[in-house]
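**Student:** Quick one: this structure, given as structure tokens, is what I'll be asking you about.
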């Protein structure tokens, strides 16, 4: 550590001399003298080499006008019109809860729910805007969603729950 402190002014002087030879107009400032090697802190990495003029010349920056533009959100995420829809069911005694509906061709095994603390079961699906009918399958028995907002008649008798996924409305552009 003591050697590093002794070498710092010599290294700084050589750096200034090299910069002057390369045509840089630099003056020795008090801040350059104040910089010193510091002990690494917890989690830090050992010694790091100080940047030099040679290092700076190797860095190539692209002109601002020649960067490739980032694609629109729809181009990067083709399913961006889909919305996350959460399904929840409460039954502490249940061993298995599945959700089946028009979004998964009424295949209960396609969408198992995950048991949470306190007997809550949940899952989240990405659905495009529209109306979807669904029901829960609890330990092999078809059940209604007790908190569903709408129901429609099922072709097998009884009712199916309905969830409506509305399209997102883009915010109106502000006018000056």
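No lab work stands behind these numbers, since they all come straight from the coordinates. Treat the numbers as computed from the prediction; the structure is a model and nothing was measured. So basically every Cβ, Gly included, is an ideal-geometry build from the backbone, and we count neighbours across all protein chains shown.
**Student:** Express the relative contact order of segment 74-165 as a whole percentage, based on alpha carbon pairs under 8 Å and six or more residues apart in sequence.
**Tutor:** Details: 175 pairs, mean separation 25.9, N = 92.
Across segment 74-165, relative contact order equals 28 percent.
**Student:** Testing the spin-label approximation: label points 7 Å from Cα along Cα→Cβ at residue 115 and residue 142. State their distance in nm.
**Tutor:** Taking the two extended label points, one gets 2.5 nm.
**Student:** Which ordering of 169, 137 is given by a fewest-first count of other beta-carbon atoms within 10 Å?
**Tutor:** 169, 137
**Student:** Then there is this: Would you list 145, 139 from fewest to most Cβ contacts within 10 Å?
**Tutor:** Fewest-to-most ranking of 145, 139: 139, 145.
**Student:** Treat segment 80-126 as a sphere of radius equal to its Kirkwood radius over Cα pairs and apply Stokes-Einstein at 37 °C in a medium of 0.692 mPa s; give the translational diffusion coefficient in µm²/s, rounded to a whole number.
**Tutor:** 291
**Student:** Can you tell me the length gained on complete extension of the stretch residue 150 to residue 164, counting 0.36 nm per residue apart and subtracting the Cα distance?
**Tutor:** Extending this stretch completely gives an extra 4.1 nm.
**Student:** Something else about it: With the Cα gyration tensor of segment 74-165 in hand, convert its eigenvalues to equivalent ellipsoid semi-axes via √(5λ) and list them largest first in whole Å.
**Tutor:** 23, 17, 11
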